[in-house]
Amino acid sequence: MTDSPPSIVRHDERHGHVIIGLRLRWQGEWEPLEARGWNDVGFNFFHSRELANPLLELRRQLSPFEGHIVWTAAHASDEVLTSMMLNALIYHQARKMQADATLQQRLLRLIRVSGMLPQKKAVLASLGRPISDADIADRIHRRKERPMYHYGVHVDSDVWRATVQKAMALSSAVESLEKWADSLAGN
């Protein structure tokens, strides 16, 4: 009797209210990766390159673990591209906020919150970095000229499960951030 391969059908709810920052080892170098749509058994992420090897070397802080790519798609929606762009802009603004550590930490937490595109635009404007819809559309058009790959990853690791438990504990903090962002946007 042979073991059947694990099903890639999703049975457990996926979460996206907090983006989990990981590191991916690619060609001998560690690079950042944002885990989205995650649960105890895996996550999905976007990457600018096609990854041929299904076995991934991953790390959360200094703790290594492995994951296996179970599906790939070579596209990204305008909403995802907009979110990635706004998060990058907020990150660059946060790096300039060294004199105000509290604001810097709030901004860094905000980029981990999925969605909230109007609120993130309002935050950028309040920081003196407004971005227009036309600028966003132009940047998305340029980004689509270079494909973005979407990967689904299966993980069976105590390191990953502990990471998920910590992310779930942050849920109440995310709700507070959403309220903070709404107040900045004047909603």
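The values are calculated or read from the model by the stated rules, or taken from the named source; none is laboratory data. Everything quoted here is computed from the prediction, not taken from an experiment. Positions of Cβ are backbone-derived with ideal geometry, glycine not excepted, and every protein chain shown enters the neighbour counts.
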> Just a yes or no: is a residue in the stretch 123-136 crowded, with 16+ Cβ neighbours inside 10 Å, in contact with a Pro (Cβ under 9 Å, 6 or more places away or on another chain), touching a residue at least 12 places away in the same chain (Cβ under 8 Å) and farther than 29 Å from Glu13 by Cα?
Replying inline: yes
> Any idea which of (1) within 16 Å of His154 (Cβ to Cβ); (2) surrounded by 13 or more Cβ atoms within 10 Å (Cβ to Cβ) is the one Leu108 doesn't satisfy?
Replying inline: (1)
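From the list Arg23, Arg60, pick out the single residue that is in contact with a helix residue (DSSP H, G or I) (Cβ under 7 Å, 6 or more places away or on another chain) and surrounded by 16 or more Cβ atoms within 10 Å (Cβ to Cβ).
When all the criteria are applied, what remains is Arg60.
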> Can you name the condition, by its number, that Ser4 falls short on among (1) at pLDDT 85 or above; (2) over 30 Å from Asp138 (Cβ atoms); (3) assigned to a loop (DSSP other than H, G, I, E, B)?
Replying inline: (1)
>> Can you go through Ala88, Ala94 and tell me which one is closer than 18 Å to Gly16 by Cα, assigned to a helix (DSSP H, G or I), under 18 Å from the mean Cα position of the chain (by Cα) and free of Cβ contacts under 8 Å to residues at least 24 places away in the same chain?
In response: Ala88
>> Tally up the residues in the stretch 12-53 that are part of a strand (DSSP E or B) and of a type in the set (Lys, Arg), please.
In response: 3
> How many of the residues making up the stretch 66-85 are of a type in the set (Val, Ile, Thr) and not in a helix (DSSP H, G or I)?
Replying inline: 3
> Does Leu51 count as in contact with a strand residue (DSSP E or B) (Cβ under 9 Å, 6 or more places away or on another chain), touching a residue at least 60 places away in the same chain (Cβ under 8 Å) and over 21 Å from His15 (Cα atoms)?
Replying inline: yes
> Looking at the stretch 60-85, which of its residues are within 24 Å of Gln105 (Cβ to Cβ) and either more than 15 Å from the chain's Cα centre (by Cα) or in the same structural domain as Arg36 (by TED's automatic domain parsing) (or both)?
Replying inline: Arg60, Gln61, Leu62, Ser63
